[in-house]
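Working notes, structure below.
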Amino acid sequence: MTDTSEQAGLVRELNRVWANLPGWGSLSAVNHSTVGLRFMVTGMVFFLIGGMLAMLVRTQLALPEQNLISVELYNQAFTMHGTVMMFLFAIPVLEGLAMYLIPKLIGARDLVFPRISSLGYYCYLFGGIIIMSSLFLGVAPDSGWFMYTPLSSNTFSPGPGSDFWLLGITFVEVSAMAAGIELTVSILRTRAPGMTLSQMPIFCWYILAMALMIVFGFPPLILASILLELERAAGMPFFDVTAGGDPLLWQHLFWLFGHPEVYIIFLPAAGIVSTLIPVFSGRPLVGYRWVVLSIILTGFISFGLWVHHMFTVGIPQLAQAFFSVASMMVAVPTAIQVFVWLATLWMGKVVFRLPMLWIMGFLVIFVCGGLTGVMLALVPFNWQVHDTHFVVAHMHYVLVGGMFFPLMAGLYYWLPLVSGRMPSQRIGQWGFWLTFIGFNITFLLMHLTGLLGMPRRIYTYEAGLGWDWLNLLSSVGGFIMAAGVALVLLDLLMHYHFGRKASRNPWHADTLEWVLEQPPAPYNFVSLPRIQSRHPVWDNPELGERLQAGEGSLASIEHGRRETWGTDAVTGEPSEICQLPTNSWLPLLAAGTLALLCISLLLGWYLLALVCVVLAALPLFRWSWENGGHPTAAPLTQEPPGECLLESRTTDGPGRWGMIITLLADGTLYLSLLFGWFYLWTASPQWSAPDAGPLSIWGLALSGILLTLASLRFRQQARRLARRVDTGVLAGLWQATGLGVLHILSLIFVLWTAPLAITESAHDAVLFFMVLFLLFHSVLAVIITALQAWRTRLGYVSAHLPYEPQVVWPFWLYTTGIFWVSLALFALLPMAWGPSP
Amino acid sequence: MVICLLLSACRGPFSTLDPAGPSARDVAGLWWAMFGFATLVLMVVTALWVYAIRRPASHPDQQSAQVMQNRWVIWGGLALPLGSIALLLAFGIPVGHRMLPLPPETGAVLQIEVTGHQWWWAVYYPEQNIGLTDEVHIPVGTPVDVVLRSTDVIHSFWVPRLGGKMDMIPGRINVLRLQADEPGVYRGSCTEFCGIGHAHMQFTITAHSANDFLTWQQQVQEGAE
């Protein structure tokens, strides 16, 4: 009796600590279930908008020589269709799904940086709204979703369309980066005790790969977007061939992102397939290690085949051969997975439920898309069908087959978890068959349309070229597919009212999310499990009741904190307790001011933009303030000596990992910038560089020495604290700040006095941008260090709270590193290659 | 009957499946071979999946499961794609090589310069000093190197019945080798999206017999004088 009431009290307290604020207060929610669902619902809304744009396109193309919509609107429609589906639907929905599921699958209570989840969501929402608004204002981007320059440049697209794309998409990408970093660290550092890497549910491997690919794949596009926006707004000619730039640089940077992006979308979807097939076969996945290997292979190969989007731009033979073979090679890990799934079905006893129907649809469509993909990788064939409707058909087979169908399977599969109810088998089947048949009518025929020579992105065509009946049928198929999607949505909506109650774990699955309540409580687990196998629920069907009864770990809540385990990346053994932040308005404030920044840049109000930068920085720094030993977080108390310390009392925790992963992304951006510079130097047709660099090398060297001294001074303080000594730390941090300020001033002086013609020469524009990049990092490092000094004074950083400087130190190291690398290149490059003739 | 219908469906002024030059013919041959092979793979894989779902559970012991797993992965996951890729490259690389603008073993190559503009094509014969708009004339059976440039945005030059396409990029020069087997008018279009006039940015290539080509050349030159 006492046990039950104690347990009820525990659940009540957990609910109080973990609940979102009521009413409008829920906008401050940071909980991963809430934010994940918001991502998915918003993504579905954008999917409907993107779908309507597709219907508009198909209506216009249904008959030859039609003029239902103007060419201007048509160009906006196909550009926005691609943009919305890629950036506002596919990636965010999968991120949302991952954010919702990952903590539940790895036995954690929340993601490791909950406020970042919320910030990501608001950046996505506001960025999406800004981009969509361009459509309603009639000024939507209209140069295609990959925005090739010079068509998207100021000269050929003078309207604000390109700016909406560049600024809006970059804003939305903040959310992708946030999710990528957060998911990586969560999967590596917050798994339930005992869950080794090889005991992770296979879905986590897929999401880990996806998250890391986001970390390395998005920075090239973010850089490219910034450069193109600078070209448009400030006249810095990075892509202008007459000033030594090169439009092909845009294509390289775009596809350096764009190809991994396809696998960023495909991998989570394949993860759904690998999760569902064993469950419906009633046996473990065959060849878990093979699958992990093929996930890793896919990740690596996908970064080495971007040029297959550029076979017709006239690149050297050898490069074409390399990228052609690399593109074909990606078929190997995919084939391994297809046959692993086949073997699992072969050996198991298959229960054919609604999600399996979508999996079958996925198989047929995706294999077909994969096969045409191998064909397209063959250069001679590519030269014929590139930029025709054959490619349009291929990419819809890969993306709809490889993402949408598994996503639907996953939605049907996890629906009972979210709503506690089962969807309708009958409407679901109708929805599937209409979608499947409609899709194939539309796109199977489109292969032939392309082979018959119809280029993509034309708003109309002559009658009698052999394309008429194909286009008509494609349009009819498109509407059938739309009807199917509508039925599925209807089913999803109606099941909330009419669905029968789902039993606990209705599919007899093996993973931890099914031991939770349906729908899960905001804290997921009353107490956290210890994991001993890959299939905890199959091995221990009573696990749910036992965790609910508080028999697992972290089953106390008297401290009133949101807590989950921080564990070792490989073994999963507990190393600290992560204290997670509670509901916060700061993410909404930060995203709101960033949206304002985005709008003021769009309007060209640069003074307001500057104000917005400061306004956006305030909530972000406040955010970093409410951490560690701050009274709203986990102030020092007389803590009972336990085995595990709170993260802020240690010297290495998930926060530090988050910093390092962020720096990996930042470093990728820097490397992309170097790549761009080398590329322009070696490949731009009209590149010109002065004999000696315009920047004063001695001035830079002096500035670098000051930076190094600041950095070393900071390191000394971090080391002291790590040894649990805090004498002299305060003074040391202030000295580091002071040296950093001197470094910044000298760097500004060098930049100010350098004779840079940033609007006339791509070379000078690149140099200028690189120095600005360095300056940005230096300023950030100095501000953070000043805040650390202030926190030390207030006692939030001390011998007992040595954590934060350990998190900041990698940033100093990185800032110093890129400074010296840049300086070396400024000095060496002119010597190595000399000026071009 | 079905074949006739299919073949007639493959005809068309822009059809890559109705080739009229060596490059296009090679690629059309590649396509049909790849299409047959891919269809076979798709059908076999789908059939295996359907069978795997319907067959009764086998419940193999640990060891035979391991053997079966390795067999599927090695044959289906490694041998099948690697073998297919090897086959594809064996046929594809020679085709690609023949499409390159290399000096021919016998005879000369006719050079034509085509420059893309929003939204028209400027055609120029440097040796003959002839300039045209939106139309190209070539002799039959002679390799032609089309030198591609652009003055504004990126365009792409494509005559599907003769061969592959090549982009026209500001600041760069690309060369595309084409050849027509028979006299006739072949249509071409821009395939890189280039703005509101993209759909209508088309041109024709007229292939003449050798004599007719000379006659045409003289007529144009006389007309110019």
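Every number here is computed from the coordinates shown, using simple stated rules; none is lab data. Remember, it's a predicted structure, so these values are computed and weren't measured experimentally. Here Cβ is always computed from backbone atoms with ideal geometry, including for glycine, and neighbour counts include all displayed protein chains.
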Over region A:226-329, calculate the relative contact order: mean separation of alpha carbon pairs under 8 Å at least 6 apart, over the residue count, as a percent. 23 percent
Which shape class applies to region A:323-458: rounded if a/c is under 1.5, otherwise prolate when a/b exceeds b/c and oblate if not, where a ≥ b ≥ c are the square roots of the Cα gyration tensor eigenvalues? oblate
For region A:604-726, the spread of Cα positions along each principal axis, largest first, Å: 69, 39, 26
Any chance you could list P(r) for region A:315-368, counting all Cα-Cα pairs in 5 angstrom bins from zero, rounded to whole %? 4, 14, 18, 19, 13, 10, 8, 6, 4, 3, 1
Cα radius of gyration and Dmax for region B:36-135 (Å): 26.9, 80
For a distance above 19 Å, tell me the whole-number percent of Cα pairs in region A:208-297 that qualify. 55 percent
Taking loop as defined by DSSP and a crowding limit of 14 other beta carbons within 10 Å, which GluC sites (Glu not before Pro) in region A:626-731 fit? A:Glu643
Could you work out, residue by residue across B:194-201, how many beta carbons of other chains sit within 10 Å of that residue's beta carbon, and then give the average as an integer? 6
Alpha-carbon Debye profile of region A:642-714, log10 I(q)/I(0) at 0.14, 0.18, 0.26 Å⁻¹: -0.80, -1.02, -1.12
About the Cα centre of chain A, what is the dipole size in debye to 20, counting +1 per Lys and Arg Cβ and -1 per Asp and Glu Cβ, all else neutral? 1360 debye
How big is region A:117-256 on each of its three principal axes, counting only the C-alpha atoms and giving the largest first in Å? 60, 35, 22
Ignoring everything except DSSP H segments at least 4 long, calculate the 222 nm mean residue ellipticity for chain A; use -39,500 (n - 2.57) per segment, divide by total residues, nearest 500. -23000 deg cm²/dmol
State, as an integer percentage, the relative contact order of chain A based on alpha-carbon contacts under 8 Å between residues 6 or more apart. 16 percent
Ranked output for segments A:464-471, A:478-485 by mean other Cβ atoms within 10 Å, highest leading, reads A:478-485, A:464-471
For peptide B:161-168, compute the average count of partner chain beta-carbon atoms within 10 Å of each residue's beta-carbon. 5
Any idea how far the Cα center of region B:163-203 sits from the one of region A:1-70, in Å? 46 Å
Give me B:Ile173, A:Ile315 ranked fewest to most by other Cβ atoms within 10 Å of their Cβ, as a rough exposure proxy. B:Ile173, A:Ile315
What distance in nm separates the two pseudo spin-label positions at A:Asp652 and B:Leu132, each 7 Å out from Cα along the beta-carbon direction? 7.2 nm
So which aspartates and glutamates can A:Lys349 reach, going by Cα to Cα under 15 Å and dropping same-chain residues fewer than 8 places off? B:Asp61
How long is region A:107-178 along each principal axis, judged by its Cα atoms, biggest number first, in Å? 52, 23, 15
One finds the C-alpha centres of region A:180-239 and region A:295-331 to be spaced, in Å, by 21 Å
Take the alpha carbon gyration tensor of chain B, find the square roots of its eigenvalues, order them as a ≥ b ≥ c, and report rounded if a/c is under 1.5; if not, report prolate when a/b exceeds b/c, else oblate. prolate
Would you list, by chain and number, the lysines whose Cα falls below 23 Å from the Cα of A:Lys104, excluding same-chain residues fewer than 8 positions away? A:Lys501
Take every DSSP beta bridge whose two residues both sit in chain A, then give the antiparallel share in percent to the nearest 5. 85 percent
Using alpha carbons only, how many angstrom separate the centre of region B:41-90 from the centre of region B:113-144? 53 Å
For region A:197-354, just say rounded, prolate or oblate: build the C-alpha gyration tensor, square-root its eigenvalues into a ≥ b ≥ c, call rounded for a/c under 1.5, and beyond that prolate if a/b exceeds b/c, oblate if not. prolate
Residue span A:Asn67 to A:Glu760: 0.36 nm per residue of separation minus Cα-Cα distance leaves a gain in nm of 245.2 nm
Averaged over residues of A:331-341, the number of beta carbons from other chains lying within 10 Å of each residue's Cβ is 6
Write down the Å³ per residue value for the convex hull defined by the alpha carbon atoms of region A:551-682. 169 Å³
The protein assembly as shown: Rg to Rh, with Rh as the Kirkwood radius over Cα pairs: 0.99
If you add up the charges near A:Thr792, with Lys and Arg at +1 and Asp and Glu at -1, over every other residue whose beta carbon is less than 15 angstrom from its beta carbon, what do you get? +4
